[in-house]
Amino acid sequence: MKVLLVYPEFPETYWSFKHALAFEGKLSAFPPLGLMTVAAMLPADWEKRLVDMNVESLDDSDIEWADMVFTSAMLVQKDSLLDVVERARHAGKRVAVGGPYVSTTLDELTGDHTFVGEVEDTLPEFLHDLALGIPQAVYRSDVKPALTATPVPDFALAKLDRYSAMSVQYSRGCPFQCEFCDIIEIYGRVPRTKTGEQMLAELDALHDAGWTGLVFIVDDNFIGNKKSVKTFLPELAEWSRARGQPFSFITEASLNLAEDEQLLGMMRDAGFRRVFLGIETPVEESLIEAQKKQNTRGNLLDSVELIQSYGMEVMAGFILGFDSDPEDIFKLQVDFIRESAIPLAMVGLLTALPDTGLWRRLEKEGRLLTQSTGNNTDCSLNFIPKMDATRLVEGYKQVLQTIYSSREYYDRALKCLARVVQSGPEPRHSTFRGDLSALVRIFMRLGVLDSERREFWRFIRSTISHHREQFADAIRLAAMGYHFRKLTEANCR
């Protein structure tokens, strides 16, 4: 059996980091971890080929080669997913589809075989049925499987040199119940984790494949099961020390991370350099409305600064459009982002994702308009907000234009560099020649050709004067800022 695993294309968004990755000569931030994990669950004697459409084109010859096409997508990849399915069907190939999009959008099932939910239980059932010649159209699992049987992903399928980082997964699920979040609907509210032995086996596989540099632990809340995490982190730190610190780590976590300094110290010792937090809003009434009470237990700014003091740069998500947002919400968000020293502040409009608590409430209130695009930064609304919709969208654009303007962004980056002091240089998956080429591209684009070059050179001078040992971090932040600014200019015309 020849199986083609296809990862559909993402549209250009704030999350794509397209303009920043171009400086590195990379085409995508991360490879498709889900499909590489599925590949490892398929029979060993099957031939497998992975095409990630974010780093290479899907050729007709690829589809012609295959006996079966497996594909998986998130909602934001819907258009590309449907195109992949159509092309495979046109070529007469059997198509299997899974992932978050089809798991939460049950009225738009696609493919000859559709997998709803997690596949640790259903994929073996499908393979058994396929061998008997009786494969079903839909395989559905409401079970939240233990992750202890999940195999090491088949990293060998990915073209590693085209990505800026690699991905692994430690846990699924989150103990909180944020109204707008679809993670708890897909993966549940009881976090399940792999064993430390499993995780180190995955990292060994990456290390053996020749990877060094950034590794993204893709959990939606890495600290959802604190007891397990505190057992794993010392093992990770020891593994890293024994191999000369080949990786640095980033992840996502809930803000209650700031309530546990022991855990913060463990993450620092294990090599965590950045953490993404769902802060959402500085308005307590809006946090309560969104059932995000865990963010109301302490001072938000103090929590961010404490995490930064442990050598971890804070990235964060912010949302506009809650019913409880006051009239001055746009200023409040800008002020908070400015004071928090968070360069990578990802601000989006509230969107009602399928089958979430927010979706169900708005549907009951008669306020739903359409299915979400899955991109909360494209200035679209799929529900009727309490604030005038035009004012909300225009205010949102003003926030983006402010926080991603060169002066505002570079000021936050400098403040971040002052707060976040990391131990030692970050490992990189590149050669000296590659680093030099990236640096030349950045200096040419931002320092010579860009209309905001004066702000860039002000930033560089301040970095050399006050944060010389963090020059590499400063250059990375400058590249990210350019990406955010270019998209803002395009989206907020």
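Read the figures in this text as sums done on the coordinates, not as results from a lab. Computed from a predicted structure; not experimentally measured. Neighbour counts run over all protein chains shown; Cβ positions are idealised from the backbone, glycine included.
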Discussion item. Can you tally the net charge around Lys292? Count Lys and Arg as +1, Asp and Glu as -1, for every other residue whose Cβ sits under 13 Å from the Cβ of Lys292.
Written reply: -3
Item to complete: Mind listing the lone cysteines of the chain, meaning no other Cys beta-carbon sits under 4.7 Å from theirs?
Response: Cys174, Cys379, Cys416, Cys492
Fill in: Where labels lie 7 Å past Cα in the beta-carbon direction, separation of Asp335 and Ser309 in nm
2.4 nm
Practice prompt. Find how much the distance from Lys2 to Asp204 grows on full extension, using 0.36 nm per residue of separation minus their present alpha carbon separation; answer in nm with one decimal.
Written response: 70.0 nm
Fill in: Candidate aspartates and glutamates - alpha carbon under 18 Å from Lys2, same-chain residues fewer than 8 apart omitted
Asp45, Glu47, Asp52, Asp59, Asp60, Asp62, Glu64, Asp67, Asp112, Asp129, Asp154
Worksheet item: Expressed as a rounded percentage, what relative contact order does the chain have, with Cα pairs under 8 Å and six or more residues apart?
Response: 14 percent
Discussion item. Can you tell me the length gained on complete extension of the stretch Gln177 to Arg360, counting 0.36 nm per residue apart and subtracting the Cα distance?
Written reply: 64.5 nm
Discussion item. Please give me the summed charge of the neighbours of Ser167: other residues whose Cβ is under 11 Å from its Cβ, Lys and Arg +1, Asp and Glu -1.
Written reply: -2
Item to complete: Quick one: compute the contact order of segment 114-180, relative version, from alpha carbon pairs under 8 angstrom and 6+ residues apart, as a percent.
Response: 30 percent
Worksheet entry | Against the rule of thumb 2.2 N^0.38 Å, how large the Cα Rg of the chain comes out | 0.96
Discussion item. Restricting to bridges with both residues inside the chain, how much of the DSSP beta-bridge set is antiparallel, in percent to the nearest 5?
Written reply: 5 percent
Worksheet entry | When each of Lys331/Lys386; Lys18/Lys194; Lys48/Lys93; Lys18/Lys144 is checked by Cα-Cα distance, pairs over 25 Å | Lys18/Lys194; Lys18/Lys144
Discussion item. Placing +1 on the Cβ of each Lys and Arg and -1 on the Cβ of each Asp and Glu in the chain, which of Ile342, Ala29, Asn54 has its Cα farthest towards the positive end of the resulting dipole?
Written reply: Ile342
Discussion item. Quick check: net charge around Ala205, other residues with Cβ under 14 Å of its Cβ, Lys/Arg +1 and Asp/Glu -1?
Written reply: -3
Worksheet item: Convex hull over the Cα atoms of segment 165-399, averaged projected area in nm²?
Response: 12.7 nm²
Fill in: Ordering of 438-445, 24-31, 41-48, 475-482 by packing [mean C-beta count within 10 Å, highest first]
475-482, 24-31, 438-445, 41-48
Practice prompt. Report the charge-dipole magnitude of the chain in Debye, nearest 20, computed about the Cα centre from +1 at each Lys and Arg Cβ and -1 at each Asp and Glu Cβ.
Written response: 1400 debye
Worksheet item: For the chain, what is the mean residue ellipticity at 222 nm derived from helices alone (per DSSP H run of n ≥ 4: -39500 (n - 2.57); sum divided by total residues; nearest 500 deg cm²/dmol)?
Response: -13000 deg cm²/dmol
Practice prompt. Express the relative contact order of segment 165-399 as a whole percentage, based on alpha carbon pairs under 8 Å and six or more residues apart in sequence.
Written response: 17 percent
